[in-house]
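Shown next, in structure tokens, is the structure this report addresses.
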Amino acid sequence: MNALEPVKTAIRMEHITKRFGSVVANHDINFVLKKGEILSLLGENGSGKTTLMNMLSGIYYADEGQIYVNDQPVAITSPKDAYDLGIGMIHQHFKLVDVFTAVENIVLGLKDEGRLDLKKARQRIVEICERYGFEIDLDRKIYEMSVSQKQTVEIVKVLYRGAEILILDEPTAVLTPQETDKLFAVMRNMKADGKSLIIITHKLHEVLEVSDRVAVLRKGEYIGDVQTKDASQQSLTDMMVGHAVALNIARPTPVNVAPRLVVEHLTVYDDLGVKRLNDVSFTANAGEILGIAGIAGSGQRELLEAISGLYPISEGSIRFHDPKASENAPPKELVGMDPMAIRKCGVSMAFVPEDRLGMGLVGSMGMTGNMMLRSWRKGKGAFLNRKAPEELANRIWKELDVVTPSTSFPVRRMSGGNVQKVLVGREIAQDPAVLMTAYAVRGLDINTSYTIYNLLTEEKMKGVAVVYVGEDLDVLLELCDRILVLCGGQVSGIVDGRTADKRQVGALMTRVEGDSRHE
């Protein structure tokens, strides 16, 4: 392109404002996506990224401002309008029919003159796959696919509908490093073909790897953009947060390491008789953070719920070595106990589940009420002591910077990140011997994420056995002392967090190899 030739814009948003009641999600935003570029959209949670993109994809309609596509003013009032303008959004939560094949999902909902010609549709889909480097079995049903394969179907679906502008919302959240590499290769192929792409992600190293330019939102306002070649993780973080943030996760050497939770030959089945965990064995040590890695659906949730007494166990044992017991006292067997029985026998265990509002908190209650759920049995007679829960709620509100009008404001009306802060804060405050967290920083901005990492490290140094299930391999390798890798409900390896390589862990996540389960 001639240096004097003006760069053509695919999207231009001018003075865009979006309100939800009294909350201003986006305020007076001016935003440009150039033709043939990959643009990363960054911002803390609640900064308005997804809201802004939902206006491009037709899910929301702007209260003020004008959108231009290919320099023409447009009104996008529905996803169909967006498709007609060549805009396709791939959401975090896929919109696919599980019992249909890939081909059926790709053509679903399209109007065709006369009868739909599946043979002709397949031919066109194959051409798209070959053109951009997609690998997919078109006859496979969605429920048989991995997360990465489902995502591929979603991307092919929007390309089949003629998308020239693609928006990907957190596309690598649950992908292995190898799957992420494949996705980025496909994105570069699409860019080379003249497509324009927007990627929303929290992973700064990926932003630097794949994008040409980075645009930053903060508290619903457009802060600015920067060429990726001129950016660093530190500069982007400072831009997002508005002040300097230390991006180092402290990992002190474990001291006084001793077995706290010994799991042996654990096997569990779900309600349909499908084996979810197969012969899982490991030890969670006091004074150590044990990370658990695995692609989505590898048994992470079932493992933590089985240990905490929420999931039925078919075989195996879970033994708790009580730090308060005498030296010769035998460990406590937890298999067969529900959470209340586990607590009654003196086992101090805290659990931050994946389903925050479904399992962790009562949505209609405020922070104080949810603190009380952990202490109501200490009340006398018909009266409960509200003082301690209120003090704890205020402490968490202040220390974790929870955005809420008051400690009585219903938690279901808070953002996902703030709900997570309430839950993590409450569980850590229980002074547990074992602390299990499932995706503790999912949905949290980078500032709060580092606060949580440091809180977990503080617990470890107090002698707590911390079990951390996470999605981000870079964080697992920086935070954890050891990492247990699950693949298809089995242990495919246990590696040292200080010496392990990201690709080695990624390979273990996709296949069971060797028998290192008793390390």
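Since every read-out is calculated from the coordinates, none of them should be taken as a lab result. Bear in mind the structure is a predicted one, so any value in this text is a computation, not a measurement. Heads up, the Cβs are rebuilt from the backbone with ideal geometry, glycines too, and the neighbour counts pull from every protein chain shown.
Let me spell out the model: positive unit charges on the Cβ of Lys and Arg, negative unit charges on the Cβ of Asp and Glu, origin at the Cα centre of the range 228-354. What dipole size does that give, in debye rounded to 20?
Value, rounded to 20: 260 debye.
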Of the listed links Lys8/Lys95; Lys49/Lys80; Lys18/Lys203, those spanning more than 23 angstrom between alpha carbons are Lys8/Lys95; Lys18/Lys203
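Averaged over all directions, how much area does the convex hull of the C-alpha atoms of the range 9-241 cover when projected, in nm²?
On the way: hull surface 51.7 nm².
One quarter of the hull surface, i.e. the mean projection, equals 12.9 nm².
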As a percent rounded to 5, the proportion of antiparallel DSSP bridges among beta bridges in the chain is 55
Dipole check, the range 9-241, charges on Cβ (K,R +1; D,E -1), about Cα centroid: among Val186, Tyr160, Leu116 the Cα furthest to the positive pole belongs to Leu116
About its Cα centre, the chain carries a charge dipole, from +1 on Lys and Arg Cβ atoms and -1 on Asp and Glu Cβ atoms, whose size in debye to the nearest 20 is 1140
Excluding residues fewer than 8 positions from Lys275 in its own chain, the aspartates and glutamates with Cα under 14 Å of it are Glu302, Glu315
Projected onto the charge dipole of the chain (unit charges on the beta-carbon of Lys, Arg, Asp and Glu, signs +1, +1, -1, -1), the Cα from Thr457, Ala231, Asn394 with the largest positive-side position is that of Asn394
Filtered hits (lysines, Cα-Cα < 24 Å from Lys462, offset >= 8 within chain) -> Lys324, Lys332, Lys344, Lys398, Lys421
A correct fewest-to-most ranking of Val255, Val419 by other Cβ atoms within 10 Å would be Val255, Val419
Among Phe100, Leu357, Leu304, the residue whose Cα sits farthest towards the positive end of the charge dipole of the chain (+1 at Cβ of Lys and Arg, -1 at Cβ of Asp and Glu, taken about the Cα centre) is Leu357
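Could you give the dipole magnitude of the range 1-117 about its Cα centre, charging the beta-carbon of Lys and Arg +1 and that of Asp and Glu -1, in debye to the nearest 20?
160
By per-residue mean of other Cβ atoms within 10 Å, what is the highest-first order of 312-321, 164-173? Could the numbers behind the result be given before it?
Numbers: 312-321: 17.4, 164-173: 22.3.
Per-residue Cβ counts within 10 Å, averaged per peptide and sorted highest first, yield 164-173, 312-321.
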Final fewest-first order of Ile106, Ile128 on the 10 Å Cβ neighbour count is Ile128, Ile106
